Structure formats: structure tokens, C-alpha cells
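Student: Quick one: this structure, given as C-alpha cells, is what I'll be asking you about.
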Amino acid sequence: MIKGIVKIKEFFKNTVQPQKIDWLVLIAISLLLFLSHTYNDILITTRQGINLWNALFSGHILNFYSYNYNIVSGNVVYNIPQGAWYDFLVYVVYAIWNFPLWILEKFFKVDIMNSILCILWSKTMLIFFLGLSAKMINKICLELKINENLAKWCVFSYLSSTLVFSSLFIISQDNIISLSIMLIGLLMYLQEKTRKFIFWFALAIAFKYFALFLFIPLILLKEKRIFHILKYLISGMSLAIITKLIFSFDIATKATGKLQNDLYSFLIKNSLQLSIGNVSIFFLLTALFYIFCYYKKINSMEDLYKFSIYVSFLSFAIFFGFAYTYPYWSILLAPFTILLVFQNHNKFRFNLLIETAMTASFVMAQMVVFYWCYGIKTIKPMLLPKIFGQVSSLPKVFSIDHIQLLTKGGGTKNNILSALLAIFLACLITLAIVNFPKDNKNEISEDIVIDRSLFWGRLAISGGICLIPIAGYFAGVLYKLLFY
């Protein structure tokens with residue numbers, strides 16, 4: 001027994017880099033979530049991506065949005081009619097990835113939208129881009145002069161983030177595509193490859209406009225000449241404008257406009273009564289942020305490294321902290337927070353604890369508000385009901401859906417939500433204040449001591465929170481076995 005205790009102590013002391021057991025535990029949690037959940041968005045977008053091939057081969061590609069107007073995915077669980085809301089490049093990626101599914105449906109009459117293997121194939125696209133984003137984070141770490149072993153821990157921390165588990169593995173959101181491209185653009189920015197930086201961000205913006213939140217401050221941080229700023233902004237928006245123009249004659253593209261109008265309404269939802277009217281907190285802070293970026297002079301590569309990561313974090317911290325946001329988007333905050341934590345090694349332990357509390361409280365708050373994104377319905381189309389029993393046949397012992405019932409009346413729910421958001425915002429602001437780049441060098445020590453228990457504790461919290469829906473399902477299975 002003493003030898004066993006000694007081995008455990010040696011394991012937790014051996015923290016040079018993540019070991020096989022660390023990756024295996026992370027993969028096990030991720031795989032369980034991946035196999036157990038899906039959501040309407042990826043199903044309907046998969047269907048619309050497959051329809052791109054039908055539109056193309058029937059000669060109606062320019063009417064793509066009309067072709068996909070008010071259709072259903074074909075999945076028996078998620079069957080709400082919906083139009084094509086996203087910009088065209090999103091559907092191009094879905095079409096290319098799911099070309100094998102189009103073949104199976106077209107020529108072999110496979111019911112692809114109700115086949116678990118086919119759904120998993122479509123979801124695997126998210127894993128591909130998650131891997132690409134992880135690879136970019138590793139390269140950014142090395143560019144920032146973070147040593148290889150710490151870079152591996154940084155990747156591990158990113159992949160084990162509560163935000164990644166929630167947004168990608170449970171809700172199956174495709175914002176990871178534009179995020180991966182943004183990270184490539186950020187790497188080009190750090191390497192001072194301006195044309196490639198502009199190219200990659202133009203591509204990212206054409207996928208989702210969220211990339212503008214990062215693109216604009218990075219431009220202002222490095223460029224102070226007004227004409228050149230305008231030139232870079234126009235270049236960055238060019239691909240999005242071109243794709244908009246190509247499909248502008250299709251009347252059904254108004255659905256994409258509705259999505260942008262909804263986003264704008266979210267940006268102005270939280271406001272203050274100032275001067276002679278209401279002022280959006282998001283736009284006020286964003287204006288101050290842009291002024292700071294333009295005012296700040298970058299005098300060295302060290303300045304570029306420090307402020308690029310700090311500005312990247314702030315760009316999404318302001319968005320998620322002070323605008324109304326969906327849990328679909330929260331993965332956008334994950335990599336920049338983790339990079340900030342690892343860049344400032346002198347505050348590493350404190351930063352990681354604060355980041356853990358921040359992301360955990362944010363996801364729990366999202367579970368309270370957007371309970372349907374984490375409800376039992378996300379489990380119905382996937383693997384667990386095929387093995388342990390259909391959801392409809394199980395007693396409803398507990399699920400995230402019950403949060404709405406337990407907090408009915410508003411008072412309890414609002415109190416819980418208020419406490420969780422207070423923790424989230426306190427942690428978010430703390431990270432922004434504590435990690436403001438100083439004049440002292442932030443060189444990464446090769447002898448930095450990393451406590452493996454920090455990472456395992458963090459993984460237990462993130463995994464534990466995101467496994468709650470599955471735990472609710474198995475509670476029903478167990479109850480049925482014991483009492484029915």
C-alpha cells in the first residue's frame with residue numbers, strides 16, 4: 001500500500017508534460033459526450049449542406065437559400081422547419097464533408113438523418129476542426145516562446161475546457177470552424193505576415209462575423225495610419241461582401257439578415273441610462289477598447305506577443321461579459337483565455353483557478369437559461385437509448401429540463417442565475433486586470449512547476465458539469481432497474 005501511495009505521489013509530481021493517462025481520461029469524457037448528444041443546429045445544417053449538392057446538380061445553386069427555405073432535417077427528434085441562416089461558405093464545408101452521406105442517400109436510399117453512424121460522421125467534422133484549433137494553439141504557444149512541454153499542457157487545458165465540452169460536444173456547434181481559421185490568422189499576425197493574416201481573417205469573417213470582434217482590435221493595435229486601417233478592414237470584409245452579393249438576388253437570403261439583426265439586438269440588450277438616453281454597455285466598452293488599441297504603441301516583438309494575446313482575450317471577454325449571448329458561441333472565448341493563462345506563468349496557478357471558476361459558472365448559468373440545449377432531448381437521437389433504453393420508456397428522475405420546473409415562479413431561478421453570473425463576471429474582470437501586460441518580461445521559465453492535481457481537479461469540474469445530462473439519463477435507467 002505504501003508503494004502504491006508513493007507511485008501516486010510520483011505521478012502527480014511528474015508534470016513535465018501530459019502523460020497517456022491524462023489524455024485517456026480526457027478522451028474518455030469527450031468520447032462519451034460526443035456519442036451521447038446532438039442538437040438541432042448540426043442536423044438541419046447537415047441537411048442543408050447535403051442539399052447544396054442537389055441544388056448544384058439541378059442547376060439551382062444561385063437559389064440555394066430558396067432551395068433550403070423552411071425545410072426539416074428529416075430527423076425524427078428534431079423536425080422543426082428552418083431556413084438556411086448562415087453565410088454560404090458554412091454550407092460549402094458541410095457539403096464537402098458530408099458528400100459520402102449525399103451518396104448514401106441519393107443512390108442507396110439510406111435514412112442518413114436517423115442513422116447514428118451518419119450523424120456521427122457529420123459530427124466528426126467538428127472534431128477535425130477542434131484538432132486543427134488545438135494544433136494552432138500549440139504553434140501559437142511556441143511562437144510566444146512558451147516551451148514545448150507547457151504548450152502541450154496549454155492544448156490539454158483548452159481541450160478540457162468546460163466551454164469546449166459544452167459548446168462542441170453537447171450542443172454540437174460549428175463555430176469551431178471559424179475559430180480554427182481565426183487562430184491561423186492570429187499565428188500569421190504574430191509572425192508579422194500581414195497578407196496571410198488578412199487572408200485568413202477574411203475567410204473567417206466570411207464564415208461567421210464573430211471574427212470581426214478580433215480582427216478590428218488586432219488591426220488597430222499594429223496599424224495607426226487611417227488609410228491603411230480602412231484598406232485592411234475592407235480587405236478583411238471583401239470575401240463576405242462578395243458571397244453576399246452573389247446570393248443577394250435570392251429572396252430567401254433574408255433569413256441571414258434576420259440572424260444578423262438578432263445579433264445586433266443582443267449587443268444592445270444590456271444598457272445603461274446615461275446622458276440623454278440608453279447606452280449599450282457592450283458598445284461603450286468596445287469603443288473604449290478600440291481607442292486603447294489605437295493609442296497603444298507596439299515597440300517590440302515582446303510587446304506584440306503580450307498585447308496580441310491580451311487584446312484577443314478582451315475582444316471576446318467584452319462580448320460574453322456584456323452582451324446577451326447563446327451557449328452556442330461560448331467556445332470562442334476558450335482558446336484566448338487559456339493562452340492568456342499560460343503566457344503569464346508567474347500568475348499561472350491563480351489564473352487557472354480563476355479560469356476554472358469563470359468557465360464553470362458561465363456554463364452552469366447557461367444551463368439555467370438555455371436548459372433545452374442540455375436537456376434529455378439531445379440524448380434521444382444518439383447512442384445511449386439504443387443500448388440502455390429509449391428516453392420515453394424511462395422514469396423522469398432528473399434532467400436539466402427539471403431546472404425550469406424546480407425554479408418555476410422566477411425567484412429561485414433569478415437568484416441562482418444572478419449568483420452564477422456574478423462569479424463569472426468577477427472572474428472575467430479579474431483575469432483582465434491581473435493579466436494586463438506590464439513592462440517586466442513575461443519569459444517562460446523552463447523550471448516552472450505545474451501541479452497535476454490542478455488539471456485533474458479542473459477536468460473533474462468541467463467534465464462533472466457537462467456530464468450532468470447523461471447522469472440524469474442513467475438515473476432513469478437505474479431507477480427503472482431497481483423499482484420497476
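Student: Which of the residues belonging to the range 116-142 are of a type in the set (Gly, Ala, Ser) and surrounded by 15 or more Cβ atoms within 10 Å (Cβ to Cβ)?
Tutor: Passing the criteria: Ser122, Ser133, Ala134.
Student: Now a separate question. Are any residues in the range 91-129 assigned to a helix (DSSP H, G or I), among the polar types (S, T, N, Q) and in contact (Cβ under 8 Å) with a residue 60 or more places away in the chain, and if so, which ones?
Tutor: Across the range 91-129, the qualifying residue is only Ser122.
Student: Looking at (1) outside any helix (DSSP H, G or I); (2) over 25 Å from the mean Cα position of the chain (by Cα); (3) of a type in the set (Lys, Arg), which is the one condition that is false for Lys269?
Tutor: (2)
Student: If you don't mind, another one. Which members of the range 149-175 meet the condition of being farther than 12 Å from Val363 by Cβ, part of a helix (DSSP H, G or I) and polar (S, T, N, Q)?
Tutor: Asn149, Ser157, Asn175
Student: In addition: Output the qualifying pairs, or none if there are none: Cβ atoms under 7 angstrom, residues six or more apart or on different chains, first residue in the range 355-366 and on the phi < 0 side of the Ramachandran plot, second residue of a type in the set (D, E, K, R) and modelled with pLDDT of 95 or more.
Tutor: Partner pairs satisfying both residue conditions: Thr356/Arg458.
Student: A further question follows. Quickly run through the range 42-101 and pick out the residues that are under 23 Å from Phe169 (Cα atoms) and of a type in the set (S, T, N, Q).
Tutor: Thr45, Thr46, Gln48, Ser73, Asn75, Asn79, Gln82, Asn98
Student: Looking at (1) closer than 15 Å to Ala334 by Cβ; (2) without any contact (Cβ under 8 Å) to a residue 24 or more places away in the chain, which one does Leu168 not meet, given that it meets all the others?
Tutor: (2)
Student: Shifting gears a bit: What tally of residues in the range 282-316 results from selecting those that are among the hydroxyl-bearing types (Ser, Thr, Tyr) and assigned to a loop (DSSP other than H, G, I, E, B)?
Tutor: 1
Student: Just wondering, is there one or more residues in the range 32-55 that are crowded, with 20+ Cβ neighbours inside 10 Å and touching a Pro at 6+ places or on another chain (Cβ under 6 Å)?
Tutor: Within the range 32-55 (the criterion being crowded, with 20+ Cβ neighbours inside 10 Å and touching a Pro at 6+ places or on another chain (Cβ under 6 Å)), the answer is yes, since at least one residue qualifies.
Student: Can we say Met182 is surrounded by fewer than 21 Cβ atoms within 10 Å (Cβ to Cβ), modelled with pLDDT of 95 or more and on the phi < 0 side of the Ramachandran plot?
Tutor: In short, no.
Student: Can you report the number of residues in the range 266-277 which are among the β-branched types (Val, Ile, Thr) and either surrounded by 15 or more Cβ atoms within 10 Å (Cβ to Cβ) or touching a residue at least 60 places away in the same chain (Cβ under 8 Å) (or both)?
Tutor: Counting residues in the range 266-277 that are among the β-branched types (Val, Ile, Thr) and either surrounded by 15 or more Cβ atoms within 10 Å (Cβ to Cβ) or touching a residue at least 60 places away in the same chain (Cβ under 8 Å) (or both) gives 1.
Student: Please find, among Gln17, Gln82, the residue that is touching a residue at least 24 places away in the same chain (Cβ under 8 Å) and crowded, with 20+ Cβ neighbours inside 10 Å.
Tutor: Just a single option satisfies the conditions, and that option is Gln82.
Student: Which of the residues that make up the range 49-83 are at pLDDT below 95, under 19 Å from Ile119 (Cα atoms) and in a helix (DSSP H, G or I)?
Tutor: none
Student: Can you find, within the range 386-411, the residue that is nearest to Cys466 (Cα to Cα) among those that are out of contact with any Phe, Trp or Tyr (no Cβ under 8 Å at 6 or more places or on another chain) and modelled with pLDDT of 75 or more?
Tutor: Lys396
Per-residue answers, yes or no, for (1) touching a Gly at 6+ places or on another chain (Cβ under 6 Å); (2) surrounded by fewer than 16 Cβ atoms within 10 Å (Cβ to Cβ); (3) within 20 Å of Gln191 (Cβ to Cβ); (4) free of Cβ contacts under 8 Å to residues at least 40 places away in the same chain:
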position	(1), (2), (3), (4)
Val279	no, yes, no, yes
Ala287	no, yes, no, yes
Ser308	no, no, yes, no
Phe316	no, no, no, no
Ala323	no, no, no, no
Ile331	no, no, no, no
Leu339	no, no, yes, no
Gln343	no, no, yes, no
Phe348	no, no, no, no
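The values are calculated or read from the model by the stated rules, or taken from the named source; none is laboratory data. The model shown is predicted, which means the values in this text are computed figures rather than measured ones. We place every Cβ from the backbone using ideal geometry, glycine too, and count neighbours over all the protein chains shown.
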